[in-house]
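The values are calculated or read from the model by the stated rules, or taken from the named source; none is laboratory data. None of these values were measured; they are calculated from a predicted model. Ideal geometry is used to build each Cβ from the backbone, glycine not excepted, and the neighbour counts take in all protein chains shown.
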Amino acid sequence: MPTLNWLGKDKVVNFAAQVPCHALDFKYNFGGGTGNKIIHGDNLLALKSLLPLYEGRVKCIYIDPPYNTGNEGWVYNDNVNSPQIQKWLGQVVGREGEDYSRHDKWLCMMYPRLKLLKQLLSDDGAIFISIDDNEQNYLRDICEEIFGRQNFLAQVIWERAYAPVNLKKHFSTSHDYLICYAKNISQLVCHGLPRSNEADKRYKNPDNDPRGLWKASDLSVGPIVESKVYEITTPSGRKVFPPKGYCWRLDKETFQKYVEENKIWFGEDGDNVPSIKRFLSEVKQSVTPMTIWKYSEVGHSQDATKALKEIFDGQAVFTYPKPVDLIKRCLELYSDKNSIVLDAFAGSGTTAHAVLNLNAVDGGDRKFILVEMEPYAETITAERVRRIGGSFDYYEVGAPLFVEGDINPAVDIEQIRGYVWAMETRTPYVKPNVEDCAAFMGVDKGTAYYFYEGALDSDFLATMRTRADSYVIFAESCAVGEEFLRRYGIEFKKIPRDIVKIWVE
Ligand SMILES: C[S@@+](CC[C@H](N)C(=O)[O-])C[C@H]1O[C@@H](n2cnc3c(N)ncnc32)[C@H](O)[C@@H]1O
């Protein structure tokens with residue numbers, strides 16, 4: 001398969017694996033609910049740090065990365081020249097990066113982040129990426145490489161503008177794209193879109209059929225099949241044939257069966273050309289999405305700006321937010337009621353808004369995880385969720401958990417325990433409140449977990465209080481024989497060797 005090359009690619013293709021997991025420092029809860037997260041920090045670090053708990057569990061990802069328009073004057077930098085990204089590039093590719101074109105830099109920025117997003121995606125999950133013509137061709141190329149060509153779903157065109165900008169010399173671009181990939185297309189189910197009321201309104205029941213509402217559909221079809229051209233006599237006695245060049249959709253025998261089952265309609269007076277009754281109860285309850293999403297269905301850019309302004313008392317706090325209905329549609333197609341939804345370029349928090357709206361419509365309990373690196377993660381992203389009545393936990397990306405292969409002494413040991421617990425059980429860590437030694441972390445599926453910065457010996461074993469089917473004990477060394485461990489169902493895991501995981505795909 002042809003692959004895209006760019007300056008710095010060799011430095012970033014395997015970079016995601018080298019990114020250390022960082023502490024996600026809990027700052028506060030808003031609204032009391034649990035499960036939703038807003039994380040302030042660079043998404044590269046945040047995504048890596050989410051892996052212990054969320055690897056392979058995110059059902060739907062929506063991202064709206066900077067389009068790389070060259071515009072640096074927005075509320076965020078729509079270029080790869082934001083100070084954080086410049087600094088990051090300098091660290092990863094060195095000084096030579098200063099000579100890279102903005103496209104090279106953008107690709108260097110995106111590649112490792114997409115790799116981590118893929119790792120977070122569940123096998124039956126899907127990712128949507130908003131983009132425009134500045135980078136869409138390059139983005140497609142790296143997505144083919146990361147997600148696999150076979151997992152390509154669509155390149156949706158979103159009609160983002162409703163009127164031309166006459167100042168433009170050639171074309172006034174009125175669309176963006178949404179590039180969509182499955183993690184594994186064979187496991188992905190598309191829920192389709194809800195049927196519109198308009199479509200349902202076309203169904204009536206003029207003959208009070210006990211099977212309910214139905215719609216008359218044409219009995220004639222082309223091209224002609226000779227055996228299906230035959231005379232039909234209507235109840236009023238009129239003889240009818242299909243129009244010239246057409247035949248009936250049903251052969252004579254099936255037509256007769258349909259008549260007996262009252263599935264053929266000859267009109268109120270029994271004198272019309274026959275049609276087939278299609279019952280609403282038999283049609284698919286969802287509509288397969290098409291690849292052009294019109295503003296009349298999902299909103300346009302100005303709608304989104306206006307709606308956000310209303311939330312912020314008339315103030316324009318963010319440039320070019322996406323319409324809530326645009327992201328809601330992505331979630332309708334590929335999320336379930338209990339799905340985890342992730343947006344790692346959160347901006348004004350539209351994805352959280354879409355999750356909350358969709359939950360309100362279908363009674364779902366989807367959770368969102370948002371990552372935003374700019375300081376407005378608190379003042380705009382979180383503030384929007386507060387204003388629309390959502391709840392969340394707010395985190396800052398903290399210090400790396402490990403330094404040079406050992407536990408970072410600057411990190412609170414509870415963070416390390418949380419990381420180890422998540423890695424082992426894939427559930428969030430809650431400090432236990434039971435009678436046991438300080439090393440006890442909890443019980444999951446019959447196994448008790450201990451994390452002890454010392455030697456696993458008989459003195460330590462004497463401090464354990466919890467009775468479980470089996471035990472996993474993290475300790476710096478083990479002074480107990482293998483036979484003893486086996487007999488009591490104890491597994492010893494060495495600190496730091498068995499906790500410093502690279503999380504390679
Ligand atoms: C195009 S905006 C997203 C707008 C969003 N979809 C909305 O509707 O408001 C991109 C956002 O990604 C953020 N961003 C860019 N690079 C990032 C990174 N490395 N980590 C986290 N956020 C980043 C920018 O600060 C900006 O807020």
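When you look at residue 132, is it surrounded by fewer than 22 Cβ atoms within 10 Å (Cβ to Cβ), within 11 Å of the ligand (Cβ to nearest atom) and of a type outside the set (A, V, I, L, M, F, W, C), yes or no?
It is true that residue 132 is surrounded by fewer than 22 Cβ atoms within 10 Å (Cβ to Cβ), within 11 Å of the ligand (Cβ to nearest atom) and of a type outside the set (A, V, I, L, M, F, W, C).
Can you confirm whether the stretch 278-289 contains a residue that is out of contact with any Pro (no Cβ under 8 Å at 6 or more places or on another chain) and among the aromatic types (Phe, Trp, Tyr)?
Within the stretch 278-289, one or more residues are out of contact with any Pro (no Cβ under 8 Å at 6 or more places or on another chain) and among the aromatic types (Phe, Trp, Tyr).
Based on what the data block shows, is residue 173 at pLDDT 95 or above, surrounded by fewer than 18 Cβ atoms within 10 Å (Cβ to Cβ), among the β-branched types (Val, Ile, Thr) and within 26 Å of residue 325 (Cβ to Cβ)?
Judged against the criteria, residue 173 is a match.
When you look at residue 326, is it under 12 Å from the mean Cα position of the chain (by Cα), assigned to a helix (DSSP H, G or I) and closer than 30 Å to residue 32 by Cβ, yes or no?
No, not satisfied.
Check the stretch 247-256 and report whether any residue there is surrounded by 15 or more Cβ atoms within 10 Å (Cβ to Cβ), part of a loop (DSSP other than H, G, I, E, B) and of a type in the set (A, V, I, L, M, F, W, C).
Checking the stretch 247-256: at least one residue is surrounded by 15 or more Cβ atoms within 10 Å (Cβ to Cβ), part of a loop (DSSP other than H, G, I, E, B) and of a type in the set (A, V, I, L, M, F, W, C).
Need at least 3 residues that are under 24 Å from residue 368 (Cβ atoms) per element, so show me which helices (runs of 4 or more DSSP H) inside the stretch 38-136 make the cut, counting only ones lying wholly within it.
Correct list: 43-54, 102-120.
Can you tell me which residue among 72, 55 is more than 10 Å from the ligand (Cβ to nearest atom) and modelled with pLDDT of 85 or more?
After ruling out the rest, the residue left standing is 55.
Return yes or no: is residue 444 of a type in the set (Asp, Glu) and touching a helix residue (DSSP H, G or I) at 6+ places or on another chain (Cβ under 6 Å)?
Answer is yes for this residue.
Report yes if some residue within the stretch 295-308 is away from the ligand (no atom under 16 Å from the Cβ) and not small (Gly, Ala, Ser); otherwise report no.
yes
I'd like to verify a number: residues in the stretch 137-177 that are part of a loop (DSSP other than H, G, I, E, B) and either under 19 Å from residue 113 (Cα atoms) or not aliphatic (A, V, I, L, M) (or both), how many?
Total meeting the criteria: 12.
Sort out which residues of the stretch 335-380 are closer than 17 Å to residue 297 by Cβ and away from the ligand (no atom under 16 Å from the Cβ), and write them in order of number.
361
Buried (at least 24 other Cβ atoms within 10 Å of the Cβ), of a type in the set (Val, Ile, Thr) and either modelled with pLDDT under 95 or more than 10 Å from the ligand (Cβ to nearest atom) (or both): does that describe residue 324?
Here the answer is no, as residue 324 does not meet what is asked.
This table checks each residue for (1) away from the ligand (no atom under 12 Å from the Cβ); (2) more than 30 Å from residue 359 (Cα to Cα); (3) among the hydrophobic types (A, V, I, L, M, F, W, C).
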position: 12; (1), (2), (3): yes, yes, yes
position: 25; (1), (2), (3): yes, no, no
position: 36; (1), (2), (3): yes, no, no
position: 44; (1), (2), (3): no, no, yes
position: 80; (1), (2), (3): no, yes, yes
position: 88; (1), (2), (3): no, yes, yes
position: 97; (1), (2), (3): yes, yes, no
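Can you give me the number of residues within the stretch 236-246 that are surrounded by 14 or more Cβ atoms within 10 Å (Cβ to Cβ) and part of a loop (DSSP other than H, G, I, E, B)?
Result for the stretch 236-246: 3.
Which of the helices (runs of 4 or more DSSP H) contained wholly in the stretch 398-505 include at least 2 residues that are of a type in the set (Phe, Trp, Tyr)?
Because the criterion is at least 2 residues that are of a type in the set (Phe, Trp, Tyr), the helices (runs of 4 or more DSSP H) in the stretch 398-505 that meet it are 413-425.
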